[in-house]
Amino acid sequence: MTTNPGHLHYFDYAATTPADPRVIAAMSDCLGMDGVFGNPASSSHDAGTRARALVERARQQVAALIGAEAAEIVWTSGATESNNLALKGYAEAATARPHLVTSILEHKAILDTAASLEKRGTPVTWLRPAPDGSISPAAVAAALREDTGLVSLMLVNNEIGTLTDIAAIAPIVHAAGALLHVDAAQALGKTPIDVKALGIDLMSMSAHKVYGPKGIGALYVREGIAARLAPQMHGGGHERGLRSGTLATHQIVGMGTACAIAAADGEADNARIAQLGARLLDGIAGLAGVSLNAREARRIAHTMSLLVDHAGFFPFLLGSDFAVSSTSACSSAAGTPSHVLMGIGLAAEAASRTIRLSLGRFTKQEDVDFAIGRLREVIESVSPAAVQGA
């Protein structure tokens, strides 16, 4: 089985990842008459019992990757639903402390949800980043009020790859009597996560960002706080009453397998990706007018945002052999300038000259060298003087 389709040089792992062949095999065993296809939630016969056992094993696999207990994992359709359940669930259940703190750099699944709550009367404070693109603990502390009940921040930014210092922020949030929600869609499998050590109360995850299938995710809900969330899906009281609906065994098994692989191979995977990322940055260092956004911030190696000072270059990059993004999928779908790039100080015109390259498990050195060559070729064609020493 091949790991990349044809000759595609894929640099859009932050948007979605191909399913790992081991994930595909595990999922296939849950489909068809010869597979484990029974209803894991309500069937009392053997087919349902076997399905339920696989679902619970997957719950343990996800929990093990983030240092949680299996009972603290709630299945959802993805990080977007998890974010909605965390924010809306808290807001609807809160009888006191309704104030929400988040940042302008969050994913649209947080921004739109918080804006919707704000329209309904929930007070929201929108943090702005420091010049390096980070959300500082001091900024969080300054935003807290007596009625603050929930702070929601992403661990890794989906466009610029910056890391938020959750370990420093969590004690500040808890000292104010609030809960901390973390969107970890871009962090899972890419950086070590221990929810207990970090002090995280709620955390959103998505399988398709970690070589699992689309359509499945989870919300970590720390023991003892489930009653502080109002369910957003009703119809049977599944998942401790937080999320009703028949569980998709094959997708859940896919996410569990993906997390088990990340737990076993993640350290080696990430070290290799860091080397490839360094090679990519070194390779484009000679291109005049190309700079790395948020260079001074703590970042993961997987995702880099490049500002290119040459108009009209992007269409020439694209093709059937090269996949790279001009922005995040959420901003691209809206047809608007990236709110993240504008949030760190770029003008709309400059944001339109930014590309995001993201690397992953199946990226090879030949892919990196191809990307360097394609960027050099395109930038030379739009500006012959763009390459130093050319």
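The values are calculated or read from the model by the stated rules, or taken from the named source; none is laboratory data. Every value quoted in this text rests on a predicted model; they were computed, and no experiment measured them. Heads up, the Cβs are rebuilt from the backbone with ideal geometry, glycines too, and the neighbour counts pull from every protein chain shown.
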Does ASP20 satisfy the criteria of being among the acidic types (Asp, Glu), crowded, with 19+ Cβ neighbours inside 10 Å, touching a residue at least 40 places away in the same chain (Cβ under 8 Å) and under 14 Å from TYR211 (Cα atoms)? yes
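With the requirement that a residue be β-branched (Val, Ile, Thr) and over 25 Å from ALA294 (Cα atoms), what does the range 81-120 give you? Please lay out each step first, then the result.
Of the residues in the range 81-120, the ones β-branched (Val, Ile, Thr) are 95, 101-102, 104, 110, 113.
THR95, THR113, listed by residue number.
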In the set LEU180, LEU287, LEU198, the lone residue that is of a type in the set (A, V, I, L, M), surrounded by 15 or more Cβ atoms within 10 Å (Cβ to Cβ) and not assigned by TED's automatic domain parsing to the domain that holds ALA47 is LEU287
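Determine, yes or no, whether ALA264 is free of Cβ contacts under 8 Å to residues at least 40 places away in the same chain, under 30 Å from GLY48 (Cα atoms) and either not assigned by TED's automatic domain parsing to the domain that holds ALA371 or not in a strand (DSSP E or B) (or both). Break it down stepwise before answering.
Working: free of Cβ contacts under 8 Å to residues at least 40 places away in the same chain: yes; under 30 Å from GLY48 (Cα atoms): yes; either not assigned by TED's automatic domain parsing to the domain that holds ALA371 or not in a strand (DSSP E or B) (or both): yes.
Considered against the rule, which asks whether it is free of Cβ contacts under 8 Å to residues at least 40 places away in the same chain, under 30 Å from GLY48 (Cα atoms) and either not assigned by TED's automatic domain parsing to the domain that holds ALA371 or not in a strand (DSSP E or B) (or both), ALA264 comes out as yes.
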Look at ALA86 and say whether it is part of a helix (DSSP H, G or I), under 23 Å from CYS30 (Cβ atoms) and touching an Asp or Glu at 6+ places or on another chain (Cβ under 9 Å). no
Report yes if SER42 is surrounded by fewer than 19 Cβ atoms within 10 Å (Cβ to Cβ), at pLDDT below 95, assigned by TED's automatic domain parsing to the domain that holds GLN232 and out of contact with any strand residue (DSSP E or B) (no Cβ under 9 Å at 6 or more places or on another chain), otherwise no. yes
Can you confirm whether PRO5 is outside any helix (DSSP H, G or I), modelled with pLDDT under 95 and crowded, with 17+ Cβ neighbours inside 10 Å? no
For THR95, state whether it is over 20 Å from GLY345 (Cβ atoms), without any contact (Cβ under 8 Å) to a residue 12 or more places away in the chain and polar (S, T, N, Q). yes
Residue set THR113, THR76; condition within 20 Å of the chain's Cα centre (by Cα), over 17 Å from GLY215 (Cα atoms), of a type in the set (Val, Ile, Thr) and crowded, with 20+ Cβ neighbours inside 10 Å; output residue THR113
Hey, can you tell me all the residues within the range 326-344 that are at pLDDT 85 or above and out of contact with any helix residue (DSSP H, G or I) (no Cβ under 7 Å at 6 or more places or on another chain)? VAL340, GLY343, ILE344
Here is a check on your reading of the model: is TYR220 of a type in the set (Phe, Trp, Tyr), under 22 Å from THR303 (Cβ atoms), in contact with an Asp or Glu (Cβ under 8 Å, 6 or more places away or on another chain) and buried (at least 17 other Cβ atoms within 10 Å of the Cβ)? no
Exactly one condition in (1) within 24 Å of the chain's Cα centre (by Cα); (2) touching a residue at least 12 places away in the same chain (Cβ under 8 Å) is false for PHE37; which is it? (1)
From the list LEU105, LEU100, LEU117, LEU111, exactly one residue is among the aliphatic types (A, V, I, L, M), within 16 Å of LEU180 (Cβ to Cβ) and either at pLDDT below 95 or not assigned by TED's automatic domain parsing to the domain that holds LEU346 (or both). Which is it? LEU100
One residue from ARG272, ARG240 being modelled with pLDDT of 95 or more, surrounded by fewer than 24 Cβ atoms within 10 Å (Cβ to Cβ) and among the basic types (Lys, Arg): ARG272
Residues in the range 47-68: is at least one of a type in the set (Ser, Thr, Tyr) and either more than 22 Å from ARG243 (Cβ to Cβ) or not in a helix (DSSP H, G or I) (or both)? no
Options GLU69, GLU118: the member that is surrounded by fewer than 21 Cβ atoms within 10 Å (Cβ to Cβ) and closer than 23 Å to GLY224 by Cα: GLU69
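Are there any strands (runs of 3 or more DSSP E) wholly within the range 116-188 with 3 or more residues that are of a type outside the set (A, V, I, L, M, F, W, C) and in contact (Cβ under 8 Å) with a residue 12 or more places away in the chain, and if so which?
Details: elements: 124-127, 148-154, 179-183.
Ranges flagged: 148-154.
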If GLU366 meets every condition in (1) at pLDDT 90 or above; (2) in contact with a Gly (Cβ under 7 Å, 6 or more places away or on another chain); (3) loosely packed, with under 14 Cβ neighbours inside 10 Å apart from one, which number is that one? (2)
